[in-house]
Every structure is written in structure tokens, then in C-alpha cells.
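J.: Attaching a single structure in C-alpha cells format; questions to follow.
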Amino acid sequence: MAKPVPAFTSTEDFFFKTPLYSVQQIDYNAAMKVFRKSFRVDGYCPYCRQQSTFVHRPTSQDSLPSTDEKPHFTGQVALACARSELAHIIVFHCRMASGLLQKVGQYPSFADIALDESKNYSKLLSSEDEAEFHRAIGLAAHNVGIGSYVYLRRIFERLIVNRFEEFKAAEGWSDGDFYGVRMDDKVSLLKDHLPPFLVRNARIYSILSLGIHELREDQCLAFFNVLRQSLVVILEEDKKKKEDLERQKQLEKEIAAFTKPDKELPAPTLASLGDSKYITKNE
Ligand SMILES: [Zn+2]
């Protein structure tokens, strides 16, 4: 069975989330909007190193899409970042034949942009997770879908195992409660210590496993962004929870250390504080 070709959904998806050479079906009207009309689109700017809005101003040099139902076109689309329209430009080479659209080149490369974007998450990750997250994004950017799932799954597994090891003594769990049971059961065992988004969406793990064992490359790639962003949400929640616990622990320590002040000592006067900056000139 020939694999179905996905339909063009938006300029944002096409220019910023679709790897080179991936094919999409596009009709004449949508093709005219992409290549002949001005538009604005949100995406990651590798020059600003953050999300930005890009502007497309079509030139007249490229060949026009032919007017039949399955348009042909080949040419360049330059998107200029609204923060610096002359310097921050991403250039795409696009090809459309028989109504099938693909990017056949771009600068800066899709992988460079994706990897640069992933550096924003470095602060959430251990160095081991960071290296593997980076690898997952790099592979997906080069159309290696199944391989990218392997690395995402390893990050997921590591979070679960680390959490078990952190809490097993306090909770009185034995290794047998955890190792050797299914991931669903691991997540429900650890549910009070895991990010709520992960607990609600533990299915992510089975999707990752399905990708590794059963899905095709293109099916993995089509869902990669959802999984990547889900993992970021999980890591952000996890980091926030750790910081909250740390802050609470510190405050509890300070509250426990509080001792009632001695009543016999007189309250300090301004003069006894011995600091002239507290005493106004009139005194
Ligand atoms: Zn920019």
C-alpha cells in the first residue's frame, strides 16, 4: 500500500516544523498564498535565538505556480525576522510538482535551527539528558524518525528510574515493586512524585515504544513535535516542583530554627544600633 501524502496545513508547519524533502499535498490557492502573497508567520529565529514573527514579501523573479489543479513551481522564499528584516533572514528553496510541495534546501539548515532552539531547554536537563535530547532533535531534523524516538524514550525512562531511586527508601518500596513491572504501573506507583502532565499522559511512553517497534519513519516524524514539546512540559514541571520543594525545605528549616526572643533584653534604640544613617539630621 502506498503511503498517504499529508496535506499542507499551514506556513508555520511547512517552513518551521517540516524537515527537508518531506512531501505535502497543496492546492493552487494555498500555493499562491505561500509563494505570491505577503504573509506573517511565527517561528524560531536562530539569530535572535528566540521565537519571533517573520515576514514574507514575494519577489516577481520566481516562476508563477501554473494555474491548473496540480500546480508546478520552483523558487525561493525568504522569510525576514520582524526584529531585524535585513539581517535575520531564513531562505528556503521550494519545489512543487504535480501539486506536491517540498522544501529542497534552506539556510540556516533545519537541523541547525532545531538544535539551536533545543539549547533553550538545556537548563532543564542533566548533561546526559541534554546530549540525548539534542541527538533526538538532530535525528528528526534529518528525517530519522525512529532513531529520534529511541532517545526521547531513554530520557523518559531515566526520569522514572531516578524518581524511584530517590524515593524508594522514604516510601518503603522494594526493587520488586518497580523493576519488572509495566511502565503504566511504574507511573502509578510514583504518581505523587512525578509531574502531573506526565501522570495524565503516561501514554507518551507507549507511543514512543510503538514508534520504535511498529511505526514507519514518516509516521514517527509526523508526531515528533508533539512528543518533543510534551517532554519539555514534563521537564519544566519537574524542575519547578524540585525548586518549590527546595524552597519549602529551606523555609521549614528557618521556621524550625526560630527561637522566642528573650523578654528581659530592652528593645534596641536608634542610638544603640550605632548606625548614623538611621538617624535623621533633626535629631
Ligand atoms: Zn531575529
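The values are calculated or read from the model by the stated rules, or taken from the named source; none is laboratory data. Nothing here was measured: the structure is a model prediction, and the numbers come from that model. Using ideal geometry, Cβ is built from the backbone for each residue, glycine included, and neighbour counts are taken over all protein chains shown.
J.: Show the residue pairs meeting these rules: Cβ distance below 6 Å; 6+ apart or different chains; first residue within region 39-54 and touching a residue at least 24 places away in the same chain (Cβ under 8 Å); second residue more than 8 Å from the ligand (Cβ to nearest atom) and among the basic types (Lys, Arg).
T.: Cβ pairs passing all conditions: Thr53/Arg40.
J.: Looking at region 243-269, I want the residues that are outside the structural domain of Leu194 (by TED's automatic domain parsing) and have a partner that is at pLDDT below 90 with Cβ atoms under 9 Å, at least 6 apart or on another chain. Which pairs are those?
T.: Pro266/Ser272
J.: Looking at (1) at pLDDT 90 or above; (2) more than 22 Å from Ser22 (Cβ to Cβ), find the lone condition where Gly145 falls short.
T.: (2)
J.: If the Cβ limit is 8 Å and pairs must be 6+ apart or interchain, which residue in region 107-132 that is hydroxyl-bearing (Ser, Thr, Tyr) pairs with which residue that is loosely packed, with under 15 Cβ neighbours inside 10 Å?
T.: Here the result reads Tyr107/Val91, each pair linking region 107-132 to a residue that is loosely packed, with under 15 Cβ neighbours inside 10 Å.
J.: Given the structure, is Tyr205 at pLDDT 95 or above, hydroxyl-bearing (Ser, Thr, Tyr) and over 28 Å from Arg49 (Cα atoms)?
T.: yes
J.: Here's a follow-up. Across region 85-110, which residue is surrounded by the fewest Cβ atoms within 10 Å (Cβ to Cβ) among those that are within 16 Å of the ligand (Cβ to nearest atom) and outside any strand (DSSP E or B)?
T.: This residue is Leu86.
J.: Does region 7-38 hold any residues that are assigned to a loop (DSSP other than H, G, I, E, B), without any contact (Cβ under 8 Å) to a residue 40 or more places away in the chain and of a type outside the set (Gly, Ala, Ser), and which are they?
T.: Taking region 7-38 first, the residues assigned to a loop (DSSP other than H, G, I, E, B) are 8-10, 18-23, 26-27, 37-38.
Keeping just the survivors that are without any contact (Cβ under 8 Å) to a residue 40 or more places away in the chain gives 9-10, 37-38.
Result: Thr9, Lys37.
J.: Restricting attention to region 68-84, and to residues there that are in a strand (DSSP E or B) and within 16 Å of the ligand (Cβ to nearest atom), which single residue is modelled with the lowest pLDDT?
T.: Per the stated criteria, the residue is Ala78.
J.: Among what's in region 40-67 and is at pLDDT below 95 and of a type in the set (Val, Ile, Thr), pick the residue that is nearest to the ligand (Cβ to nearest atom).
T.: Only one residue tops the list, namely Thr59.
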